[in-house]
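Asks: The structure that follows is given in the form of structure tokens.
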Amino acid sequence: MGMINRLFLLFQTLCMIAMSVAVLGAATTLLPEQLWLNEAHYALTRYETVIIAVCLMLIGIRLLSAVFRRADKKTRGKGEYVIESSPNGEVRVSLEAIRLLSDRLAREVQGVRDVHVQLQSPKKQSGTALSLTLDLVIGQEAEISSLSSQIVEKIRRHLDHMMSLNDIPIQIVVSEVTDAAPVRKHRVV
């Protein structure tokens with residue numbers, strides 16, 4: 001259940017508790033009949049009461065639709081991509097693992113100074129595939145067309161070999177050309 005539905009549910013639950021306390025007070029005669037009947041007549045003549053009743057009805061319809069909404073059969077955790085699905089189970093790979101592998105492979109190509117990898121995962125309803133966008137900082141000595149084809153080929157080959165992910169669209173964006181030394185990320189052991 002989403003955050004908005006939870007907020008609506010909280011609001012409607014508080015209203016139901018207040019109404020049940022008022023009905024119990026009237027039924028047990030803790031509140032004199034003349035008092036609550038006079039207040040009920042006054043409240044029913046106000047336009048604010050109609051607006052509140054309509055809002056509560058719409059919130060109730062929203063919550064009722066959330067109850068009967070059909071859940072996706074192929075649910076997956078956030079940040080995971082299903083590689084293989086069978087009746088025995090699924091094989092999933094973290095999107096972060098795919099991003100880090102692509103980052104490492106792109107940095108291995110000579111001429112690449114820095115890489116920023118963006119990974120777009122497929123939407124649940126649409127048929128779009130997983131796609132990568134590599135934002136590169138390259139050296140002045142590099143030839144962009146051969147460099148980009150080397151990077152794309154290397155990433156595709158590894159993803160196909162390791163994860164059976166083929167035909168992944170990979171976009172190369174050269175954001176800067178520099179003569180600075182390559183940025184080396186230090187690993188913490």
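The values are calculated or read from the model by the stated rules, or taken from the named source; none is laboratory data. If you're wondering where the values come from, they're calculated on a predicted model, not measured in any experiment. All Cβ positions, glycine included, derive from the backbone under ideal geometry; neighbour counts span all protein chains shown. Note: accessible area is taken over every heavy atom of the protein model, side chains too, but ligands, DNA and RNA are not part of it. Shrake-Rupley method; radii C 1.70, N 1.55, O 1.52, S 1.80 Å.
Asks: Averaging sequence separations of C-alpha pairs under 8 Å and six or more residues apart, then dividing by the length of the range 95-176, give the relative contact order as a whole percent. If you can, show how the numbers build up before the last one.
Replies: Numbers: 112 pairs, mean separation 25.8, N = 82.
It comes to 31 percent, rounded to a whole number.
Asks: Which peptide among 7-13, 48-54 comes first, and what is the full order, when sorted by highest mean count of other Cβ atoms within 10 Å?
Replies: On the way: 7-13: 13.4, 48-54: 10.9.
By packing density, highest mean first, the sequence is 7-13, 48-54.
Asks: Please sort 157-168, 32-43, 142-153, 105-116 by packing, taking for each peptide the average over its residues of neighbouring beta carbons within 10 angstrom, highest first.
Replies: Top of the packing list down: 105-116, 142-153, 157-168, 32-43.
Asks: Going by a ≥ b ≥ c, the root eigenvalues of the Cα gyration tensor, does the range 9-72 fall in the rounded group (a/c under 1.5), the prolate group (a/b larger than b/c) or the oblate group?
Replies: Oblate.
Asks: Could you rank the peptides 133-141, 86-94 by their average count of other C-beta atoms within 10 Å per residue, with the highest value first?
Replies: Going by the mean number of other Cβ atoms within 10 Å, highest first, we get 133-141, 86-94.
Asks: Carbon and sulfur together cover what percent of the accessible area of the range 95-176 at a 1.4 Å probe radius?
Replies: The C+S portion of the solvent-accessible surface of the range 95-176 is 47 percent.
Asks: For the range 95-176, give the magnitude of the charge dipole about the Cα centre (Cβ charges: +1 Lys/Arg, -1 Asp/Glu; no others), in debye to the nearest 20.
Replies: The dipole magnitude comes to about 360 debye.
Asks: Want the number for PHE11 to ARG46: 0.36 nm per residue separation, take away the alpha-carbon distance, what's left? Kindly include the intermediate steps, with their values, before the conclusion.
Replies: Details: separation 35, 0.36 × 35 = 12.60 nm, distance 2.15 nm.
Taking 0.36 nm per residue and subtracting the Cα distance, the gain is 10.5 nm.
Asks: What residue among GLN34, ALA18, VAL54 has its Cα farthest toward the positive end of the dipole of the range 9-72, where the charges are +1 on Lys, Arg and -1 on Asp, Glu, each on the Cβ?
Replies: The residue sitting farthest along the positive end of the dipole is VAL54.
Asks: Oh, and also: Once you have all Cα-Cα distances for the range 95-176, histogram them in 10 Å bins from zero and send the whole-percent values.
Replies: Percent of Cα pairs in each bin: 18, 53, 24, 5, 0.
Asks: Another question about this same structure. Can you give the accessible area per residue of the range 11-64, in Å², using a 1.4 Å probe? The partial results should precede the final answer.
Replies: On the way: 4440 Å² over 54 residues.
About 82 Å² of surface per residue is accessible.
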